[in-house]
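See below for the structure under consideration.
FYI, it's all coordinate maths here, none of it is from the lab. Predicted, not measured: the structure shown is a model, and the values here were computed from it. So basically every Cβ, Gly included, is an ideal-geometry build from the backbone, and we count neighbours across all protein chains shown.
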Amino acid sequence: MKQIECHDVCYAYDGEPVLRHVDLAVAQGEAVALTGPNGAGKSTLLRLLNGLIFPERGSYFFEGWEITKKLMAEHKYSKYFHQRLGYVWQNPDVQLFCSSVAEELAFGPAQMGLSAAEIDERVQDALELFGLTRLRDRAPYTLSGGEKKKAALASILTMNPQVWTLDEPLAALDEKTQDWLVEFLQALKAAGKTLIFSTHEDRLLKQLADRQLVLNSQHEISLYGSES
Ligand SMILES: Nc1ncnc2c1ncn2[C@@H]1O[C@H](COP(=O)(O)OP(=O)(O)OP(=O)(O)O)[C@@H](O)[C@H]1O
Ligand SMILES: [Mg+2]
């Protein structure tokens, strides 16, 4: 079985279908782009992969575990799951909730039960890597859009998940920051991480993706590129 598999997944909001019979399989270490027009269901599919919503029909397996409401209600499993699979939201305002940037970065590793020294080291490293050191004591809501995005990425990095899911990672970033982020994501890929990201940007298809999954306006998925 592949690391991530969806079989015949259907999902609707208030009876309005948003995912229709979605089948997909992603192997560990693959970089997969999720594309398609506005409203096709990309963000919905990412929410489902992150165990925030559940298939109404069909099934989703993560590393052989069927992700159901019941399983995610088990604190021990959901904690493990969220450490194994990180989610960078399209809008960082939804993601950031601590009172300072440093606390935001420390939250995940603290949940993991790491020692204070280990947490501190991870936070320092991530602050430096993302150029956020001078902003460490700032409240996240006072940051600029690009700074928030970096803080959101850094708060996932400190957990070092095996799988990264990212919703429109380049959106609202200037060119220099986009260049930097593409390199960062390439480095994650080179380190063997699995990446699944929605995007409208050609450069991510060219410079990062091994293959592309397209959700069409009928909310059906089609595959481009061969599966490994
Ligand atoms: N919480 C919700 N309640 C009702 N409808 C929703 C909800 N979230 C999303 N939708 C609808 O589901 C459809 C798919 O939305 P989704 O955000 O998954 O699309 P998307 O492919 O990510 O689009 P975009 O490229 O604009 O980000 C849209 O028609 C949207 O209005
Ligand atoms: Mg979206």
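Return the loop-located GluC sites (Glu not before Pro) in the range 67-147 (DSSP other than H, G, I, E, B) with at most 12 other Cβ atoms within 10 Å of their own Cβ; answer none if there are none.
Glu74
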Compactness summary of the chain: radius of gyration and Dmax from Cα atoms, Å, are 17.3, 50
Tilt of helix 101-111 relative to the longest C-alpha principal axis of the chain, in degrees (0 to 90, nearest 10)?
-> 60
Specify the angular offset, from 0 to 90 degrees and rounded to the nearest 10, of the alpha carbon long axis of helix 75-84 from the longest principal axis of the alpha carbons in the chain.
-> 80
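Could you tell me which chymotrypsin sites (Phe, Trp or Tyr not before Pro) in the range 97-152 are loop residues by DSSP with no more than 15 other beta carbons within 10 angstrom of their beta carbon?
Working: sites: Phe97, Phe107, Phe130, Tyr141; in loops: Phe97, Phe130.
For chymotrypsin sites (Phe, Trp or Tyr not before Pro) across the range 97-152 that sit outside H, G, I, E and B with at most 15 neighbouring Cβ atoms in 10 Å, the list reads Phe97.
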Give, in nm to one decimal, the length gained when the segment between Lys70 and Ile53 is fully stretched (0.36 nm per residue of separation minus the Cα-Cα distance).
-> 5.0 nm
Averaging sequence separations of C-alpha pairs under 8 Å and six or more residues apart, then dividing by the length of the range 1-105, give the relative contact order as a whole percent.
-> 26
Counting helices only, and only those DSSP H runs with n ≥ 4, report the 222 nm mean residue ellipticity of the chain as the sum of -39,500 (n - 2.57) divided by its residues, in deg cm²/dmol to the nearest 500.
-> -11000 deg cm²/dmol
Hey, how much of the P(r) for the range 158-208 falls beyond 14 Å, as a percent of Cα pairs?
-> 51
Using only Cα atoms, tell me the angle between helix 116-129 and the longest principal axis of the chain; keep it within 0 to 90° and round to the nearest 10.
-> 80
Once fully extended, how much extra length lies between Arg211 and Glu175, figured as 0.36 nm per residue of separation less the alpha-carbon to alpha-carbon distance?
-> 10.6 nm
If amide H atoms are built 1.01 Å from N in the plane of the peptide, which residues on other chains or at least 5 residues away come under 5 Å of the amide H of Val18?
-> Tyr11, Ala12, Tyr13
Under 17 Å Cα-Cα from Lys69, which lysines qualify once same-chain neighbours fewer than 8 residues away are excluded?
-> Lys79
Under 23 Å from Lys206, Cα to Cα: lysines that are on another chain or at least 8 residues apart | Lys42, Lys149, Lys150, Lys176, Lys189, Lys193
